[in-house]
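The values are calculated or read from the model by the stated rules, or taken from the named source; none is laboratory data. These figures come from a predicted structure and were not determined experimentally. Here the Cβ is made from the backbone with ideal geometry for all residues, glycine too, and neighbour counts use every protein chain on show. Protein only, heavy atoms only, side chains kept; ligands, DNA and RNA dropped before computing areas. Shrake-Rupley method; radii C 1.70, N 1.55, O 1.52, S 1.80 Å.
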Amino acid sequence: MSEADINMRCWSRVDDYIVETLVPADPTLQAVLEASAAAGLPAINVSPAQGQMLALFARMVNARRILEIGTLGGYSTIWLARALPAGGQVVTLEADSRYAEVARGNFERAGVSERIDLRVGRALDTLPEVAHDSVGPFDLIFVDADKPNNPEYLLWALHLSRPGTLIVWDNVIRDGEVADAGSGDPRVQGVRRLFDLLAEDPQLCSTAIQTVGSKGYDGFALTLVQEPA
Ligand code: SAH
Ligand code: DHB
Ligand code: MG
């Protein structure tokens with residue numbers, strides 16, 4: 001077995017332990033993942049431990065309005081929707097209409113449809129509509145779509161935020177490749193350009209945390225929008 005396989009086995013075992021211990025068993029979320037797999041969606045949703053983390057973030061910032069870019073089958077969306085107080089809403093953006101249909105079914109299954117505004121289309125096309133409909137500013141923004149567009153998503157996130165908004169960026173470590181300036185992967189270059197933009201804006205306070213677990217070696221970045229100086 002390769003070193004990578006041994007690491008992955010250990011990380012998955014510990015993730016299973018964490019989830020068994022700290023994340024309450026949830027037949028609905030299990031059914032959501034099964035429906036997504038049956039429909040042929042890729043299993044690239046956040047892990048259960050990460051879903052619980054997103055829900056904790058939403059509660060920590062008292063989020064009433066949440067924006068998500070990248071719905072897939074709606075697994076992370078349901079975690080976020082469940083963290084909302086009554087009257088709260090998640091606006092979630094998905095490019096693939098087939099994935100969006102699966103997500104709709106999952107929102108019904110989870111009983112959260114009325115808290116979710118799912119918009120189908122490429123996010124760079126639907127974000128102007130979200131801005132126009134003035135459903136923001138958002139309290140929490142979760143960016144988990146096509147990574148080469150992360151620099152564009154930062155501009156939109158700032159347009160749709162207020163001081164105090166928390167922005168969470170998924171998949172910013174990529175097996176460590178983020179530290180490779182010469183990477184030929186456009187997703188890695190998208191994250192690196194994002195980091196440069198985050199660093200040069202004095203209104204933003206950011207960090208990135210490496211993670212291991214059932215999804216391998218990756219990580220999240222966090223950005224807090226501060227009061228202007
Ligand atoms: N947040 C989900 C996983 C999202 S996977 C979860 O954790 O459960 C990334 C998603 O982004 C995919 O469904 C993909 O179709 C979508 N996506 C890719 N490019 C996009 C774009 N330009 N606009 C909107 N969605 C996009
Ligand atoms: C991929 C995308 C994701 O958002 C993720 O969390 C993991 C993997 C991917 O495109 O491979
Ligand atoms: Mg992701």
Can you pull the accessible area of residue 194 for me, 1.4 Å probe, Å² to the nearest 10? 0 Å²
Would you please classify the overall shape of the range 89-229 from the alpha carbon gyration tensor, given that a ≥ b ≥ c denote the square roots of the eigenvalues, rounded means a/c under 1.5, and beyond that prolate means a/b larger than b/c while oblate covers the rest? oblate
Once each part is reduced to its C-alpha centroid, what is the distance from the range 1-24 to the range 74-105 in angstrom? 27 Å
Springs between alpha-carbon atoms under 10 Å, Gaussian network over the chain: tell me which of 182, 70, 105 tops the mean-square fluctuations. 182
Just to check I understand the Karplus step: with θ = phi - 60° and J = 6.51 cos²θ - 1.76 cosθ + 1.60, what whole-Hz values come out for the range 138-143, glycine and proline as x? 8, 8, 9, 10, 10, 9
Which one, 110, 37, 58, has the greatest fluctuation when you compute a Gaussian network model over the chain with C-alpha springs under 10 angstrom? 37
Semi-axes of the range 2-103's equivalent ellipsoid from the Cα gyration tensor, sqrt of 5 times each eigenvalue, largest first, rounded to whole Å? 25, 19, 12
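Using the Cα centre as the reference, give the magnitude of the dipole from point charges on the C-beta atoms of the range 3-225 (Lys, Arg: +1; Asp, Glu: -1; all else neutral), rounded to the nearest 20 debye.
480 debye
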Which cross-chain or sequence-distant (5 or more) residues have an amide H under 5 Å from the amide H of residue 217, H modelled 1.01 Å from N in plane? 175
So which helices of the chain fit the span-like rule, where a helix is a whole DSSP H run, its Cα atoms reach 24 Å or more along the axis, and its mean Kyte-Doolittle is at least -0.5? 3-22
When the chain is fully extended, how far beyond the present Cα-Cα distance does residue 206 get from residue 122, taking 0.36 nm per residue of separation? 27.6 nm
Quick one: pull the percentage of alpha-carbon pairs in the range 174-216 with a separation above 16 Å. 46 percent
